1. Specify which of the listed residues (114, 78) is farther than 22 Å from residue 206 by Cβ and surrounded by 17 or more Cβ atoms within 10 Å (Cβ to Cβ).
2. What's the total number of residues in region 30-63 that are assigned to a loop (DSSP other than H, G, I, E, B) and out of contact with any strand residue (DSSP E or B) (no Cβ under 8 Å at 6 or more places or on another chain)?
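The values are calculated or read from the model by the stated rules, or taken from the named source; none is laboratory data. None of these values were measured; they are calculated from a predicted model. So basically every Cβ, Gly included, is an ideal-geometry build from the backbone, and we count neighbours across all protein chains shown.
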């Protein structure tokens, strides 16, 4: 199966001095939800514009579902739905009018039934006959998702979908995306750490036109630092002797009491096998463990360390 998105040495130069993308490569498999994260000016919007056919790369290739966006834009975009940062619509049209117009342009079969489906999916059915000009920004974002889903695309490209929304609007959009990610491949461009952490299966970090890392949260955390943390729960509070037994383990850096029978364990070990070995050895040494929950670095820690 072809990757949903495949970028090979993608470069974009606007002027001699402005190199927005410096030969980035990225491969996203079908069914993944990937957060594309970076500060303002990192190259996120340029990448999105290339993927949606709005601009051409200076060099390199971009494939959507196996189709080269430069050589066959129409076919490449046929199975793609896109929501831009600030979707806008004709204010005097209703959602039904808007989706009818866009659906006819796209040649969507069974359009009337499909419009009902997508309006229900984005919770706009009660406003189907209300003029869009009276909509809040959050409602326009939901209508933006409805138009992106109208032709039932395999791939959704979302550019800052929660930008400028209040907390309620952001939560609504996150909830929608979490519902959709079980059915679609999603490429989500954002500079909001919390949004990416709550939605994405993987994270691609970009800064100054270069991909710094691409992995799961756990994978990124392990690559950045061998120092790991785990919260552990014990059957009863540990005695001083038991605490010393834990501290004496070769890979343990420290153990701190957080609440009666709960402790924060800081240790050196990058792999899953290392963590499992540590847990087994502590039990063998008589530590009455009832829970061992590894904790990696948070996305904010990873982000700040990588973009420095």
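1. Working: 78 fails: surrounded by 17 or more Cβ atoms within 10 Å (Cβ to Cβ).
None of the others qualify; the one that does is 114.
2. Restricting attention to region 30-63, the residues satisfying the condition of being assigned to a loop (DSSP other than H, G, I, E, B) are 30-32, 38-43, 52-58.
Still in the running and out of contact with any strand residue (DSSP E or B) (no Cβ under 8 Å at 6 or more places or on another chain): 40-41, 53-54, 56.
So the answer is 5.
Results for (1) outside the structural domain of residue 212 (by TED's automatic domain parsing); (2) modelled with pLDDT of 75 or more; (3) in a helix (DSSP H, G or I); (4) under 28 Å from residue 236 (Cβ atoms), shown as yes or no for each residue.
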{"site": "265", "(1), (2), (3), (4)": "yes, yes, no, yes"}
{"site": "274", "(1), (2), (3), (4)": "yes, no, yes, yes"}
{"site": "287", "(1), (2), (3), (4)": "yes, yes, no, yes"}
{"site": "292", "(1), (2), (3), (4)": "yes, yes, no, yes"}
{"site": "297", "(1), (2), (3), (4)": "yes, no, no, no"}
{"site": "302", "(1), (2), (3), (4)": "yes, no, yes, no"}
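Here is a yes/no grid of residues against (1) over 19 Å from residue 116 (Cβ atoms); (2) out of contact with any strand residue (DSSP E or B) (no Cβ under 6 Å at 6 or more places or on another chain):
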| residue | (1), (2) |
| --- | --- |
| 137 | yes, yes |
| 161 | yes, no |
| 164 | yes, yes |
| 168 | yes, yes |
| 174 | yes, yes |
| 180 | no, yes |
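Here's the yes/no breakdown for (1) closer than 29 Å to residue 41 by Cα; (2) assigned to a helix (DSSP H, G or I); (3) touching a residue at least 60 places away in the same chain (Cβ under 8 Å):
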| site | (1), (2), (3) |
| --- | --- |
| 120 | no, yes, no |
| 164 | yes, no, yes |
| 168 | yes, yes, no |
| 188 | yes, no, yes |
| 203 | yes, no, yes |
| 220 | yes, yes, yes |
